Amino acid sequence: MSESGELDLSGITAVQERQILSRLLRDDFDQWAEQAARVGHCAHPIRLTGQSHTLDKATGSVLSTFASSSLPDEVLYVRCNNRRATWCPSCSRTYQADMWHLLKAGAAGGDKGVPASVSTHPMVFATLTAPSFGPVHSSKKPGSRTQRCRPRSRGELCRHGTSLSCMDIHAEHDLLAGQPFCADCYNYDAHVIWQWWAPELWRRFTIALPRLMAKCLCVTQKQARSLVRLSFAKVGEYQARGVIHFHAIIRLDGAPTDDDNYPAPLADVDSEWLADLVRQAVASVEYQAQPVSSASPGRLLRFGAQVDARPVHHRAGREDLSGAIHPETVAAYIAKYSTKSATDLDPGASRANQHLARVRSTVLQLADLAYDTYPPGLPQPPNPYRLLGKWAHMLAFRGHFASKSRRYSTTLGRLRSARRRFERVKALSPHGIVDMAALEQDAAADETTLVIGDWRFIGTGWITEGDAVLAAGASARAREYANARPSDRWRTASGTSTAPATAA
Ligand SMILES: [Zn+2]
Ligand SMILES: [Zn+2]
Ligand SMILES: [Zn+2]
């Protein structure tokens, strides 16, 4: 229902309308609405049935019991927790907010157990791209001076006679952006093989950087570890051409001691020094990929020549003239991209993206080729492309979209359990106002109580399409509301119910 209390029923089927009306007329509608709000109007909630008992650890007495039989339709809903905005706008938003907190804590400190002093450590925001596999149309980059796609005054042609010049200015979501000038010239095989090994290139980068650091400090790697420690958080993002690139926050700490987990580095180094080393390390990384078939060449893989490594400085305000950026800007930027995936690039079958379709079919072709070359049953060598076909929907990217080194900051798991605790206390508080003392008491109670649950998975999604329409409407309005208040932009949508903890 909108803020004026009206329900917009345009564009729904007669069946959905009947389901919505019967839901609204039920006596337990308020209870249902409360439960829907508690899972943040998740688009594909998980349905559970069962019960849990909270016991006093010392005496074993039952303090409370919670059962799905007391709920409308006798079902407990739990958030899907999917990070993809196209799958679940609500959970994706929560994921993005959590991601921002996690990234911000590591970049700016002063939060989640990370001291504010980390923001003075050498820090770099780096973007590691893929090389070119053939010219593609590109949208104008915010802030860049070149606006036109690919101006060529002499009217360059490819060997198929296709023009390789484009004077247009493509907007960010222009469908032409990312499409090759000539699909016959574009090296789809190289694109797919690079994407498949991208996680390996990243891993090699995380090894090359500390090595290079030791070399520059003229010490052994072991000695270097007692002076400087690397921490990072990275996310993968698809470019319009369907190839992944990595954004990373890279921070230098000293070696942790018993009473300081985040000391400053012991060497006299700064963000500019680190940025320079990051560029050198990226340029040095290479990986010789095994050939896909006995007839195809092995490939030497590298990152693209364009390496953006910018120092991060905690100065008041926005970016300064040296190109340095503010930690919070970096965290917001990375968090934004953590909810995109390969499917978000393709705006539906009606406007099918031919280029991405060809990347996908190339993945399947190469998977077949590899199968013929490395047939199962032969002991050596194992087929490194064994699972390639399974990743066609991800355009052959099999890595993690977001990852971080252990010491960077807190974890998503810890943030989620903190929110569950917050929601539990909020649900018990009159008028939804959370008493901080109650929150602390609840955290303490966690240590003295034991929750024994017996829950069964029934399915995913709302019971009827009508319920799904109601939830989607409420979720959209919640987002509109948050967008209208910039100060709340990163506020977490109403969170997970207490159930996942008890059901686990
Ligand atoms: Zn969800
Ligand atoms: Zn163009
Ligand atoms: Zn061509």
If a residue has to be within 30 Å of R360 (Cβ to Cβ), without any contact (Cβ under 8 Å) to a residue 12 or more places away in the chain and either among the hydroxyl-bearing types (S, T, Y) or not assigned by TED's automatic domain parsing to the domain that holds R360 (or both) to count, how many in region 184-232 make the cut? 0
Has region 119-132 got any residue that is in a helix (DSSP H, G or I), in the same structural domain as G242 (by TED's automatic domain parsing), under 30 Å from L266 (Cα atoms) and more than 16 Å from ligand 3 (Cβ to nearest atom)? yes
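Here's the yes/no breakdown for (1) away from ligand 1 (no atom under 16 Å from the Cβ); (2) of a type in the set (S, T, N, Q); (3) modelled with pLDDT under 85:
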residue: H121; (1), (2), (3): yes, no, no
residue: T129; (1), (2), (3): yes, yes, no
residue: P135; (1), (2), (3): yes, no, no
residue: K140; (1), (2), (3): yes, no, yes
residue: H160; (1), (2), (3): yes, no, no
residue: S163; (1), (2), (3): yes, yes, no
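For the condition at pLDDT 90 or above, of a type in the set (A, V, I, L, M, F, W, C), more than 19 Å from T127 (Cα to Cα) and within 16 Å of ligand 2 (Cβ to nearest atom), what is the one hit in C216, C182? Talk me through it step by step, then tell me what you get.
Numbers: C216 fails: within 16 Å of ligand 2 (Cβ to nearest atom).
When all the criteria are applied, what remains is C182.
Evaluate the following for S68: is it in the same structural domain as A471 (by TED's automatic domain parsing) and more than 21 Å from G461 (Cβ to Cβ)? Give the derivation first.
On the way: in the same structural domain as A471 (by TED's automatic domain parsing): yes; more than 21 Å from G461 (Cβ to Cβ): no.
Considered against the rule, which asks whether it is in the same structural domain as A471 (by TED's automatic domain parsing) and more than 21 Å from G461 (Cβ to Cβ), S68 comes out as no.
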Any residue at all in region 233-244 that is of a type in the set (A, V, I, L, M, F, W, C) and under 15 Å from L209 (Cα atoms)? yes
Considering region 141-189, residues that are within 29 Å of the chain's Cα centre (by Cα) and in a strand (DSSP E or B), and then whichever is farthest from ligand 3 (Cβ to nearest atom), we arrive at H170
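Considering G161, G155, which residue is outside the structural domain of L301 (by TED's automatic domain parsing) and more than 16 Å from ligand 2 (Cβ to nearest atom)?
Numbers: G155 fails: more than 16 Å from ligand 2 (Cβ to nearest atom).
Within the list G161, G155, the selection yields G161.
Which residues, counting only those in region 221-251, are among the hydroxyl-bearing types (S, T, Y) and under 20 Å from R398 (Cβ atoms)? Break it down stepwise before answering.
Quick first cut of region 221-251, residues among the hydroxyl-bearing types (S, T, Y) only: 226, 231, 238.
Correct list: Y238 only.
Given S92, S138, which one is hydroxyl-bearing (S, T, Y) and within 17 Å of the chain's Cα centre (by Cα)? Reasoning before the result, please.
Numbers: S138 fails: within 17 Å of the chain's Cα centre (by Cα).
Only one candidate qualifies: S92.
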Given the conditions (1) more than 30 Å from L175 (Cβ to Cβ); (2) buried (at least 17 other Cβ atoms within 10 Å of the Cβ), which single one is not true for D259? (2)
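Are any residues in region 203-213 within 22 Å of the chain's Cα centre (by Cα) and at pLDDT below 95, and if so, which ones? It would help to see each step written out before you state the result.
Applying the first criterion (within 22 Å of the chain's Cα centre (by Cα)) to region 203-213 yields 203-206.
Selection gives R203, T206.
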Given the structure, is F181 in contact with a Leu (Cβ under 7 Å, 6 or more places away or on another chain) and surrounded by 14 or more Cβ atoms within 10 Å (Cβ to Cβ)? yes
Among the residues in region 364-380, are any modelled with pLDDT of 85 or more, touching a helix residue (DSSP H, G or I) at 6+ places or on another chain (Cβ under 8 Å) and among the polar types (S, T, N, Q)? no
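The values are calculated or read from the model by the stated rules, or taken from the named source; none is laboratory data. These numbers come from a predicted model, not from an experiment. As a convention, Cβ positions derive from the backbone with ideal geometry for all residues, glycine included, and neighbour counts pool all protein chains shown.
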